[in-house]
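The values are calculated or read from the model by the stated rules, or taken from the named source; none is laboratory data. Note that this is a predicted model, so its numbers are computed, not measured. Please note: Cβ atoms are built from the backbone with ideal geometry, for glycine as well, and neighbour counts cover all protein chains shown.
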Amino acid sequence: MSTAETILRALQGCNSLSWLQRIHARVLVTGLHAHPAVSGELLRFCAVSASGSLPYAQLLFSRLPDPQTHHWNSIIRGFSQSPDSESPLIALLYYNDMVRARASAGSLPDAFTFSFALKACGRIRARSKCEEVHGAVVRRGCVTHVVVCTNLIGVHGRGDEAEMFFRQMLSAGIQPDSITFLGLLCGCSHQGLVHEGIEYFHMMTSSFSLSPGIKHYGCMVDLYGRAGKLEKALEFIRCSPSRDDPVLWRTLLSSCKIHKNVKMGEIAMKNLVQLGTCNAGDCILLATIYAESKNERGVARMRSLIKSRDIRTSPGWSWIEINDQVHRFVADDLSHPDCREIYYKLEEVIDRAASVGYMNFETKEGNSETVFFEDYAVSGTTHSEKLAIAFGLARTPEGTSLRIVKNLRICRDCHSFMKSVSLAFGRVLVVRDRVRFHHFEGGVCSCKDYW
């Protein structure tokens with residue numbers, strides 16, 4: 001057995017970064033750092049494996065004299081799927097570098113490169129970059145590749161667009177996979193296409209012999225829940241092989257908030273507590289349901305639960321892309337170099353929105369997510385998405401669409417604000433929050449106030 005084969009076999013059994021570093025040292029000693037298979041597998045493990053390290057992968061990549069396509073794919077893939085909020089941007093920077101470097105060397109990205117780049121675009125809703133990558137896909141003749149089609153379905157937020165790409169896949173003879181159906185089910189759920197979603201779910205097993213995973217079951221619970229079929233959603237969970245997964249109960253709880261169903265919300269919370277997975281978001285959701293039902297005792301219980309368990313919330317942020325540059329905001333943000341201009345613009349935007357009917361929920365009826373949890377939330381007036389919108393309106397020509405990504409669910413006040421802004425300014429706003437895509441135009445939202 002050759003030294004290269006020995007190292008490749010050792011990598012297959014590697015289960016820690018320290019062990020990986022020993023293998024890397026062996027690679028350097030034996031002079032195999034330029035061996036395409038060895039360097040490729042070493043980088044892939046570092047960038048993609050749970051036992052790897054992206055910073056270490058960057059170090060390995062930087063020392064490659066002439067990175068090949070599989071090297072670029074590993075580093076782009078690693079950052080495109082990393083949960084860190086900055087990672088999609090880094091993935092796209094590597095994609096840009098690859099296009100420039102490989103073009104000069106007479107080679108271009110392949111279908112896998114495009115799929116990872118599209119995934120990164122979808123995570124930060126970088127629309128112009130997505131269109132650029134889509135164009136490259138067409139030019140390279142990769143549009144019929146299943147991994148590319150699947151990611152194209154994923155980056156388009158509307159159910160009708162997802163269905164269109166799915167039909168194109170079938171017409172081209174491309175076999176869909178489980179991720180393809182996940183994109184379809186998400187689209188159907190967000191568009192309220194219950195009948196179509198049920199058909200796609202059954203089509204997975206009946207027509208393509210694909211086994212649904214937890215995310216598919218979660219989409220079905222969401223599909224029923226958003227449509228107000230909460231009893232059906234509960235029945236679906238109880239009959240599901242994944243009934244002990246907190247994702248399903250948390251999805252049901254979110255639907256209970258939409259429909260203000262206290263009884264069903266308590267059932268969902270009871271199961272989350274029994275599973276030992278209750279978090280701050282769950283408590284705030286149920287407390288909001290209680291608050292909107294004027295149940296102050298229930299709100300007090302949730303507040304007590306949060307404090308007794310020392311449950312912490314995640315800070316909210318929003319991103320907007322202007323002139324190929326991404327700007328990030330947090331609530332009450334003063335860190336942006338143009339913050340003074342942004343806050344002046346926000347005052348103007350609020351006044352214009354009010355002229356077409358917008359009224360701050362804190363003024364109108366009390367924003368339960370702020371009033372009852374003032375220790376964990378800031379005033380809705382300066383939520384991060386409002387700052388991003390004000391900045392976008394100040395820096396783009398009239399009629400330009402604004403596209404924003406937010407890491408948390410949009411609150412009712414910001415949702416109402418965006419509808420009014422789209423009407424007052426004649427703009428299309430596309431917002432990707434933690435739950436779904438929202439397309440605001442002419443004072444209405446694609447979610448039909450149902451998210």
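In region 259-288, which residues are among the β-branched types (Val, Ile, Thr) and within 19 Å of Lys307 (Cα to Cα)? Break it down stepwise before answering.
So the first thing to find is which residues in region 259-288 are among the β-branched types (Val, Ile, Thr), and the list is 262, 267, 273, 277, 284, 288.
Across region 259-288, the qualifying residues are Val273, Thr277, Ile284, Thr288.
How many of the residues making up region 413-450 are at pLDDT below 95, in contact with an Asp or Glu (Cβ under 8 Å, 6 or more places away or on another chain) and surrounded by fewer than 20 Cβ atoms within 10 Å (Cβ to Cβ)?
Residues flagged as at pLDDT below 95, in contact with an Asp or Glu (Cβ under 8 Å, 6 or more places away or on another chain) and surrounded by fewer than 20 Cβ atoms within 10 Å (Cβ to Cβ) within region 413-450 amount to 1.
Which pairs do you get when a residue that is in contact (Cβ under 8 Å) with a residue 60 or more places away in the chain, found in region 256-278, comes within reach of a residue that is in a helix (DSSP H, G or I), reach meaning Cβ atoms under 7 angstrom, with the pair 6+ apart or on two chains?
Cβ pairs passing all conditions: Ile258/Arg226.
Yes or no: Ala300 surrounded by fewer than 17 Cβ atoms within 10 Å (Cβ to Cβ) and either over 17 Å from Ile404 (Cα atoms) or free of Cβ contacts under 8 Å to residues at least 40 places away in the same chain (or both)? Spell out the reasoning first.
Working: surrounded by fewer than 17 Cβ atoms within 10 Å (Cβ to Cβ): yes; either over 17 Å from Ile404 (Cα atoms) or free of Cβ contacts under 8 Å to residues at least 40 places away in the same chain (or both): yes.
In short, yes.
If you take the residues in region 401-451 that are without any contact (Cβ under 8 Å) to a residue 24 or more places away in the chain and either touching a Pro at 6+ places or on another chain (Cβ under 9 Å) or part of a strand (DSSP E or B) (or both), which one is farthest from Ile284 (Cα to Cα)?
First, pick out the residues of region 401-451 that are without any contact (Cβ under 8 Å) to a residue 24 or more places away in the chain: 422, 440-442.
Those still in the list that are either touching a Pro at 6+ places or on another chain (Cβ under 9 Å) or part of a strand (DSSP E or B) (or both) too: 440-441.
Numbers: Phe440: 26, Glu441: 29 Å.
Among them, the one singled out is Glu441.
For Gly192, all conditions in the list (1) over 19 Å from the mean Cα position of the chain (by Cα); (2) free of Cβ contacts under 8 Å to residues at least 40 places away in the same chain hold save one; what is the number of the exception?
For Gly192, the exception is condition (2).
May I ask you to say which residue of Ala117, Ala162 is on the phi < 0 side of the Ramachandran plot, among the aliphatic types (A, V, I, L, M) and at pLDDT below 85? Give the steps one after another, and end with the answer.
Values: Ala117 fails: at pLDDT below 85.
Just one listed residue meets the conditions, Ala162.
Identify the single condition in (1) in a strand (DSSP E or B); (2) charged (D, E, K, R); (3) more than 23 Å from the chain's Cα centre (by Cα) that Glu321 does not satisfy, given that it satisfies every other one.
Looking at each condition in turn, Glu321 falls short on (3).
Inside region 363-408, can you point out the residues that are among the charged types (D, E, K, R) and modelled with pLDDT of 50 or more? Steps first, please.
So the first thing to find is which residues in region 363-408 are among the charged types (D, E, K, R), and the list is 364-365, 369, 374-375, 385-386, 395, 398, 403, 406.
Answer for region 363-408, where residues must be among the charged types (D, E, K, R) and modelled with pLDDT of 50 or more: Glu385, Lys386, Arg395, Glu398, Arg403, Lys406.
Looking only at region 287-306, which residues are charged (D, E, K, R) and within 29 Å of the chain's Cα centre (by Cα)? Quick ask: steps written out before the conclusion?
In the first step, residues of region 287-306 are kept if they are charged (D, E, K, R); the result is 292, 294, 296-297, 301, 303.
Passing the criteria: Glu292, Arg303.
Do we find that Arg297 is of a type in the set (Lys, Arg) and not in a helix (DSSP H, G or I) in this structure?
On the way: of a type in the set (Lys, Arg): yes; not in a helix (DSSP H, G or I): no.
Taking the combined requirement at face value, the residue does not satisfy it.
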